[in-house]
Every structure is written in structure tokens, then in C-alpha cells.
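Everything below concerns the one structure shown next.
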Amino acid sequence: GLELSHCVGAGSLGPPVPWRSGGPCKMKRVRTVFKPEQLERLEQEFLKQQYMVGTERVDLAATLHLTETQVKVWFQNRRIKWRKQSMEQKKAKLTQFGVIQPAAADSTDIKDHEEDTVDVEL
């Protein structure tokens with residue numbers, strides 16, 4: 001399952017408590033470290049389709065010994081990376097053909113959209 005790190009800054013407020021409204025702190029989820037074989041399979045599936053839903057996601061998670069949430073979040077994060085790479089490639093092409101000047105090309109970072117962020121609350 002998901003592991004949580006200890007509450008930071010609890011000090012003398014008592015034992016670490018998972019975050020709740022009015023709670024003393026917020027628990028931070030430990031980052032999942034994927035095995036190379038899992039990443040390879042996830043990337044293969046992403047090349048086929050950028051959205052993995054329903055039974056496909058459940059089956060993939062079971063095959064890779066991951067939770068459905070881990071697969072879902074990996075796909076969300078991969079889509080963000082994919083969009084950012086696409087934007088950078090478009091900008092490079094426009095610059096190459098003189099449509100925009102390199103100095104005028106503002107860094108348009110794609111911000112995390114609320115739909116692409118997941119708060120895990122236990």
C-alpha cells in the first residue's frame with residue numbers, strides 16, 4: 001500500500017497524526033520507486049494510449065504488482081511530461097523557422113492542473 005512519512009514539525013504537539021482539517025500537520029506520502037521492468041511496461045502502455053482507465057488499469061496494476069492508484073498517478077504525471085515535451089518541440093520548430101525569436105520565446109511551463117494532482121488522505 002501507500003506509505004506515509006512521519007509528520008514534520010509536530011514538536012511538542014503530541015504524536016504524529018495524519019492530516020485532517022484542524023490537525024497539527026500533514027503527512028507526506030513516500031515517493032514510489034518503480035522497478036525498471038515496471039517503467040518499461042508503463043511506457044509501452046503509454047505509447048499505445050495516454051489514458052488508462054477501468055479494467056485495463058486494474059489489470060495492469062495487478063500484472064506489475066502495483067496499486068491501481070500508483071498506475072493512475074504515473075499516467076497523470078506522464079501526461080504532464082508529454083505535454084511539456086510537446087510544447088518545447090513546437091517552440092523549437094517555430095524558433096527554427098523564424099516564426100518567433102529565441103529571446104521572445106517565454107518559458108511557458110505547464111503548471112499542474114487540479115485534475116492532474118492527487119492528494120492521498122488516509
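The values are calculated or read from the model by the stated rules, or taken from the named source; none is laboratory data. In this text the structure is predicted, and so the values were computed from the model without any measurement. Note that we place each Cβ from the backbone using ideal geometry, even for glycine, and neighbour counts take in every protein chain shown. Areas reflect the complete protein model, heavy atoms only, side chains present, ligands, DNA and RNA absent. Shrake-Rupley method; radii C 1.70, N 1.55, O 1.52, S 1.80 Å.
Quick look at the numbers
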item: Test result for Lys28, open to solvent by 50 Å² or more (accessible area, probe 1.4 Å), among the charged types (D, E, K, R) and in contact with a strand residue (DSSP E or B) (Cβ under 8 Å, 6 or more places away or on another chain); result: yes
item: Restricting region 31-54 to residues that are among the polar types (S, T, N, Q) and within 14 Å of the chain's Cα centre (by Cα), the residue that is nearest to Gln76 (Cα to Cα); result: Gln50
item: Subset of region 73-118 that is part of a helix (DSSP H, G or I), polar (S, T, N, Q) and open to solvent by 90 Å² or more (accessible area, probe 1.4 Å) - its residue that is modelled with the lowest pLDDT; result: Gln96
item: Number of positions in region 61-73 that are free of Cβ contacts under 8 Å to residues at least 40 places away in the same chain, more than 26 Å from Ser86 (Cα to Cα) and under 18 Å from the mean Cα position of the chain (by Cα); result: 4
item: Qualifying residues in region 31-47 (those that are modelled with pLDDT of 95 or more and out of contact with any helix residue (DSSP H, G or I) (no Cβ under 9 Å at 6 or more places or on another chain)) - the one most open to solvent (accessible area, probe 1.4 Å); result: Leu47
